[in-house]
Amino acid sequence: MQSPAPSPGTASSGAASSGTASPATPTIPAAVALAPAERAVRMLGGDLTERSLRLHLEGLSGVDAVGLEQRAAGLGTRSIKTTSKAWALDKIIELIDLTTLEGADTPGKVRSLVAKALTPDPSDLTAPRVAAVCVYGDMVPDAVAALGTAHGDPDAGLVSVAAVATAFPSGRASLRVKLADTADAVSNGADEIDMVIDRGAFLSGRYGEVFEQIVAVKEACRRDDGSYASLKVILETGELNTYDNVRRASWLAILAGGDFIKTSTGKVAPAATLPVTLLMLEVVRDWHRLTGERVGVKPAGGIRTSKDAIKYLVTVAETVGEQWLQPHLFRFGASSLLNDVLLQRQKLTTGRYSGPDYVTLD
Amino acid sequence: MAKDLITAGAGSFLDYAPAPESTSILHLQKSYGLFIDGAFVTGHGRPFASISPATEKHIAEIATATPKDVDTAVAAARRAYDKTWSKLSGADRGKYLFRIARLVQERARELAVAESLDNGKPIKESRDVDVPLVAAWFFYYAGWADKLDHAGLGANPQALGVAAQVIPWNFPLLMLAWKIAPALAAGNTVVLKPAETTSLTALLFAEIVQQAELPNGVVNIVTGAGETGAALVRHPDVNKVAFTGSTAVGREIAKAVAGTGKKVTLELGGKAANIVFDDAPIDQAVEGIVNGIFFNQGHVCCAGSRLLVQESVHDDVVDRLKTRLATLRLGDPLDKNTDIGAINSREQLDRIRELSDIGEAEGAERWTAPCVIPENGFWFAPTIFDNVSTSSRIAREEIFGPVLSVLTFRTPAEAIAKANNTPYGLSAGIWSDKGSKILAVADKLRAGVIWANTFNRFDPASPFGGYKESGYGREGGRQGLAAYLQPAGSAKVRTSAYSQPRKTPRNVLSAGDAS
């Protein structure tokens, strides 16, 4: 991965410096300085500008769609049986963000979701807890209350609360509203914020704007004690459409400080696909090769069966390595996946298939 | 550096639990005879054992065809040609081929298991590549059988007669399909000799021929070693010789048939260049390199055994390649998660070892993927040689194993020059995100098959064949069909024993080169 030469010394410190001041070529935006996000400064140099960001993203190696899909399909043919399958099923549960994102969500629905998160299978208490529950921002207090003492870090066997924010799912609101949305969820006790990028800005080539918004939302994740809620950046890959776009957006989200890159809101089809997730994992792997830092990946939407989820585990393990299979580096955003995993799990322990009435509705 | 990122430690998920494909579907006989005139008959030679290269365990006893047996088989094929097959309409021949194709699909799992057992290739390849392509080949040529007027030889082209076909051990059943499907579609009858280490699926195919109720003698299968093959291609009553295998044997065959009037197609060795430009989609290129040389343990005549990588991205590509190779699983060919199976024979393993040692002695940097080698059987871990010079033997000779030689280039012109600097010319690969560059480079490469941003993809509609020492003639597509036809009104080709050789033998070496 080459990093482009630092842009000429036209960058000034003021973000408001005139866009017409530099003799820019027609296709390259003027050297408007961007917020000095730590990772971006390290990667692109001190004078971080719209231009240097754009040159960097456009300099990324292309993606061959046929080859990428072929590789994903190949990983999908791994045959995970017996002990490996048992391990995989439990691991999938531990990596789930159990989600409800409906207009009809109520405190009762959220309490029910939390109960399911804490005790996925009442008939088999050895089933692990999920990593987090994922709700709209205004439901965060209900989720926090329902979790009570079980609220906390999944590494400690507790369950986190993730909130979607920034005018989810469309992201069509002013930055001021997005930041208020985020700060509100964090102050209510959300441990994780799932934000959406401005796809309109991205598709029209305003990479700097997308970047600045992520940086600002990241700042809005800051709590009073100086710690930060973990930030998941939703790319909405179904709207970005091309793999080249997905690679650029992934790279951009990481540069801007995202802790996770996430495929989709679940409200746009196609949502998560194996090739898209593989591509995002490759970006995360490349980032790790360059910096030693680990960034998480969250495919969300459309993963409904154990069989599918196992393909994702295989893809993670064979692309970035097995140490990514932990809640701080990989999540499934899903609502119906959990019950299918529980059914498979029951089959594995009892040797018999049971039916949908033997797993609980949340 | 992500070198240690993907390692399977004790008790790790990446040590996938065994997932063996069951062999219970396979009902093998203890011994197999020759398949002549629609029935299995005893061979007059000394029978030999077919073993599993992964375990060295005995699978079945295979008959050896003597020259006399070959004569019987050719006579049966001649009778079938004269009496039935040449009299059938194309549509009727097509029906038989469609029937064979469907039977291959019905028995796909059985054929895949047999192939992996006998050849040593991973079940995922025999299941997902070999056998589906076998069915595809029969379906494709079944469709041609009643459309020969469009084969490019004018109206009403004629079959040649009896085809003698000798195939290699790397894709036993697929090579059989490449040979038999177009031959039968064009109206020829065949006598085919499989490689001695991999006769099993050809004999199962003989059962399919019986099941399809193909007229007796249209397909005959004679097993045995080199002498059987020599007797077959030298037989005076065959009209066409088709061979896939080594350049050395191909040369012998060319000499043997020179001046006899037999039509010949030869598909021989290769030393393909896989060219990676600095603007390549890098992760997909790495996959393509892996697929190019480690598919089927590198036992592929069109394998991308020479990696030509642009110097500016050399380190990155090689580093990524090594990380990727560390994830390959070598072992039981019947395990569904196996990526690298067994080397087909001890003889081949010895050759791979010998050439690799030479590579090391000649100064190339050897790197071997970390993997555990099973105790029994024939195995060779995926190996890369870096800093290989163009004059090194591992850059010039076909190794036919999981060994990649890495060379660098600076400009497209240099890449083209180095890619063409080989006695072979079967295939090549180009990796670049820039379409115009791909087309410009492909235009100058002297290779029969050129893949762009992919490698080792096969399709029955696409002609396949080589330049120079990679052989002549094309298999697949319309061209592959024409190789078994002659224009209407051609003098009936009756070979030496039955007629005089042509006065001016065709210069076969140059004849097939143009395409």
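I'd like to verify a number: residues in the range B:372-391 that are in contact with a strand residue (DSSP E or B) (Cβ under 7 Å, 6 or more places away or on another chain) and either buried (at least 19 other Cβ atoms within 10 Å of the Cβ) or assigned to a helix (DSSP H, G or I) (or both), how many?
Going through the range B:372-391 one residue at a time, the tally reaches 7.
Being part of a helix (DSSP H, G or I) and touching a helix residue (DSSP H, G or I) at 6+ places or on another chain (Cβ under 7 Å) narrows it down to one of A:Val217, A:Val284, A:Val233, so name that one.
Only one candidate passes the filter, namely A:Val217.
Residues that are away from chain B (no Cβ under 14 Å) and touching a Gly at 6+ places or on another chain (Cβ under 7 Å): does the range A:276-297 have at least one?
No; the residues of the range A:276-297 include none that is away from chain B (no Cβ under 14 Å) and touching a Gly at 6+ places or on another chain (Cβ under 7 Å).
For the condition among the aromatic types (Phe, Trp, Tyr) and closer than 17 Å to B:Ala177 by Cβ, what is the one hit in B:Phe464, B:Phe455?
B:Phe464
From the list B:Arg346, B:Arg329, B:Arg351, which residue is basic (Lys, Arg) and within 11 Å of another protein chain (Cβ to nearest Cβ)?
Going through B:Arg346, B:Arg329, B:Arg351 in turn, just one is basic (Lys, Arg) and within 11 Å of another protein chain (Cβ to nearest Cβ): B:Arg329.
Are there helices (runs of 4 or more DSSP H) fully within the range A:36-100 with at least 2 residues that are at the interface with chain B (Cβ under 10 Å from one of its Cβ atoms) and out of contact with any Ser or Thr (no Cβ under 7 Å at 6 or more places or on another chain)? List them.
Hits in the range A:36-100: A:65-75, A:82-94.
Residue-by-condition table, conditions (1) modelled with pLDDT of 95 or more; (2) out of contact with any Asp or Glu (no Cβ under 7 Å at 6 or more places or on another chain); (3) under 25 Å from B:Ile51 (Cβ atoms):
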position	(1), (2), (3)
B:Val162	yes, no, no
B:Val166	yes, yes, yes
B:Ile180	yes, yes, no
B:Leu184	yes, yes, no
B:Gly187	yes, yes, no
B:Val191	yes, yes, no
B:Ala195	yes, yes, yes
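Pick from A:Leu252, A:Leu274: which is closer than 21 Å to A:Ser61 by Cα, crowded, with 24+ Cβ neighbours inside 10 Å and in contact (Cβ under 8 Å) with a residue 60 or more places away in the chain?
After ruling out the rest, the residue left standing is A:Leu252.
Would you pick out the residues in the range A:236-266 that are in contact with a Pro (Cβ under 9 Å, 6 or more places away or on another chain), small (Gly, Ala, Ser) and part of a loop (DSSP other than H, G, I, E, B)?
Residues satisfying the conditions are A:Ser264, A:Gly266.
Could you tell me how many of the residues in the range A:308-351 are within 14 Å of chain B (Cβ to nearest Cβ) and either in contact (Cβ under 8 Å) with a residue 40 or more places away in the chain or not β-branched (Val, Ile, Thr) (or both)?
So the answer is 19.
Of everything in the range B:8-29, what is away from chain A (no Cβ under 14 Å) and within 27 Å of the chain's Cα centre (by Cα)? Give them in sequence order.
Of everything in the range B:8-29, those that are away from chain A (no Cβ under 14 Å) and within 27 Å of the chain's Cα centre (by Cα) turn out to be B:Thr23, B:Ile25, B:Leu26, B:His27, B:Leu28, B:Gln29.
If we keep just the residues of the range B:420-437 that are of a type in the set (S, T, N, Q) and under 15 Å from B:Leu308 (Cα atoms), which is farthest from the other protein chains (Cβ to nearest Cβ)?
B:Asn421
Picking from A:Ala132, A:Ala167, which residue would you name as being under 29 Å from A:Ala269 (Cα atoms), among the aliphatic types (A, V, I, L, M) and out of contact with any Ser or Thr (no Cβ under 6 Å at 6 or more places or on another chain)?
Result: A:Ala167 is the single residue among A:Ala132, A:Ala167 that is under 29 Å from A:Ala269 (Cα atoms), among the aliphatic types (A, V, I, L, M) and out of contact with any Ser or Thr (no Cβ under 6 Å at 6 or more places or on another chain).
Pick from A:Arg345, A:Arg304, A:Arg289: which is touching a helix residue (DSSP H, G or I) at 6+ places or on another chain (Cβ under 6 Å) and either of a type in the set (Gly, Ala, Ser) or in a helix (DSSP H, G or I) (or both)?
Going through A:Arg345, A:Arg304, A:Arg289 in turn, the sole match is A:Arg345.
Could you check B:Ala60 against (1) within 14 Å of another protein chain (Cβ to nearest Cβ); (2) not in a loop (DSSP other than H, G, I, E, B) and say which number it fails?
B:Ala60 satisfies every listed condition except (1).
Condition check ((1) closer than 21 Å to B:Pro194 by Cβ; (2) part of a helix (DSSP H, G or I); (3) of a type in the set (A, V, I, L, M)) across all residues:
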{"site": "B:Ala76", "(1), (2), (3)": "yes, yes, yes"}
{"site": "B:Gly94", "(1), (2), (3)": "no, yes, no"}
{"site": "B:Arg99", "(1), (2), (3)": "no, yes, no"}
{"site": "B:Val113", "(1), (2), (3)": "yes, yes, yes"}
{"site": "B:Pro132", "(1), (2), (3)": "yes, yes, no"}
{"site": "B:Phe138", "(1), (2), (3)": "yes, yes, no"}
{"site": "B:Gly143", "(1), (2), (3)": "no, yes, no"}
{"site": "B:Asp149", "(1), (2), (3)": "no, yes, no"}
{"site": "B:Gln165", "(1), (2), (3)": "yes, no, no"}
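Which condition breaks for B:Ala76 when tested against (1) among the small types (Gly, Ala, Ser); (2) away from chain A (no Cβ under 14 Å); (3) surrounded by 19 or more Cβ atoms within 10 Å (Cβ to Cβ); (4) within 26 Å of the chain's Cα centre (by Cα)?
(4)
Does A:Thr305 meet the test of being of a type in the set (Ser, Thr, Tyr) and within 14 Å of chain B (Cβ to nearest Cβ)?
no
Going by what's in this entry, would B:Gly217 be described as at pLDDT 95 or above and in a loop (DSSP other than H, G, I, E, B)?
Answer is yes for this residue.
Hey, can you tell me all the residues within the range A:118-138 that are crowded, with 24+ Cβ neighbours inside 10 Å and not in a strand (DSSP E or B)?
A:Pro120, A:Val130, A:Ala131
The values are calculated or read from the model by the stated rules, or taken from the named source; none is laboratory data. Keep in mind that what you see is a predicted model, and the values were worked out from it rather than measured. Note: ideal-geometry Cβ built from the backbone for every residue, glycine included; neighbour counts use all protein chains shown.
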